[in-house]
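Reading through the structure tokens given below for one structure.
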Amino acid sequence: MTKRFKIAFFIIAVMLVASLTMGRSEAPKDAKPQSKEDLYNQVELFSDAISVIRSEYVDEVDSRKVIYGALRGMLSSLDDFSQFMDQDEYKELTSEVKGEFGGIGVEITLKDGIITVITPMAGTPAKSAGIKPGDKIVRINGNTTKDIRLSDAVKIMRGEPGTQVTLTVWREKEDKVLDISIKRANVKIDSIEDARLIEGKIGYIRLVEFQERCARELEAALKKLEGEGMDSLILDLRNNPGGLLESAIDVSEKFIPKDGTIVSTKSRNPAQNAVYRSKGVLTHPSWPLIVLVNEGSASAAEIVAGAIQDNKRGVILGVKTFGKASVQTVIPLKDNSALRITTAYYFTPSGKLISNRGVIPDVVVEAEELNGRKIPLSGIFDKIDNDKEAKRKANVPKPKEPAVRDNQLERAVDLMKAIKVYKKL
């Protein structure tokens, strides 16, 4: 490699590493500041490695492939949510935020190093096929997901509508391994899945994702139910994987008085910290309010639940939320790829950290379900590879599950009735 070419790679590497170290992410509390000399020494190591690869690797090297691979590794070393996105992945992200994309309709994350379902989206092939929150995806089309990148797993599951993908999932609570075949479709997600009156003029709205049009759709649903005589509201955020921060703020403002804190963010650079407060566009201030949450409620859903809880605006009922509430900033690069990098953490109005901890409900109500024995997460792949009984279970057609009553909603209705009686007294 020529000296000029090596210097060029060195400069590129310095720019890439610098962009990830200049106040972009939360630093560990015990981390020591890195000197410029240390930084440049590490970048020179990166440059040397590229030089060796280009000059010594057995085949001619695609420079972009090498750089993209380095970027993927760099971002994945930070946390489970930061990632490098190539052009196609960045385009898919943009489509998903707008609420329409091709695939099976499942929100996933890396948890304990395993591809984990946050939630299947309402009205999608994944939901219809029986995918559940908390399912561990251990194989896709027969290939193990051990050590797979999150972006690669998403890419494999995406595809042309009408084509099939088979997920092998470990359902920990039931001690089951299942092969679930899913037909891909053009997935379009509406923010509101259900809006109706239930007992005694209690309104019920199921909000399934925080997209650009979420607040508008919620307002329309609220006005419709008001016109039908609604005098209280149960807002269902169960299995809501989150979405846009702006949408979470807009939804919270419908219930929280002016200047009430909704959420705060804290980053590595104190100058970038922010506190988001209600602007007072309060449209529904006085109804008794219950918010349903579960382990599939994440990100923006946790922000809304935390804001309602800490402002004492309503009662949170269900089980502890997912605990995925960190700020990912998408930074486009000049070739239409992008960095999705964690730049801050979310805190509830009272200062509680949501990320990795979740929101604890005021009233804990477990969903009715089977509780099987548990095995250590680290042993899932070995169990599936070696346990003949697990393999036998995986090949058994999935029986149609009996309808399970929604005991969490029933408890919410009972609690709402009690609140309304108390208010009259």
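Residues of region 143-160 with the amide nitrogen closer than 17 Å to a label point 7 Å from the Cα of ASP88, along Cα-to-Cβ, please. Residues 149-160 fall inside that zone.
Quickly work out the GLU174-to-LYS258 label distance, labels modelled 7 Å from Cα along the C-beta direction, and quote it in nm with one decimal. Inter-label distance under the simple model: 5.2 nm.
Counting 0.36 nm for each residue step from LYS279 to GLU226 and taking away their Cα separation leaves a gain of 16.8 nm. Karplus-derived 3J(HN,Hα) values for region 207-212, using 6.51 cos²θ - 1.76 cosθ + 1.60 with θ = phi - 60°, are 9, 9, 6, 9, 9, 4 Hz; glycine and proline are entered as x.
Beyond 24 Å in Cα-Cα separation lie the following of the pairs LYS127/LYS224; LYS176/LYS352; LYS111/LYS188; LYS224/LYS420: LYS127/LYS224; LYS176/LYS352; LYS111/LYS188. Between ASP147 and ILE53, residue separation times 0.36 nm minus the direct Cα-Cα distance comes to 31.5 nm.
Region 166-186 and region 114-162 have their alpha-carbon centroids 8 Å apart. With the simple model of a label 7 Å out from the Cα in the direction of the Cβ, ARG216 to VAL61 spans 4.9 nm. The stretch between THR166 and VAL330 holds 56.0 nm of extra length on full extension. This uses 0.36 nm per residue minus the Cα-Cα distance.
Taking 7 Å steps out from each Cα toward its Cβ at TYR422 and GLU366 produces label points 2.5 nm apart.
Every number here is computed from the coordinates shown, using simple stated rules; none is lab data. These numbers were taken from a predicted model, which means no experiment stands behind them. All Cβ positions, even for glycine, are placed from backbone atoms using ideal geometry, and neighbour counts span all protein chains on display.
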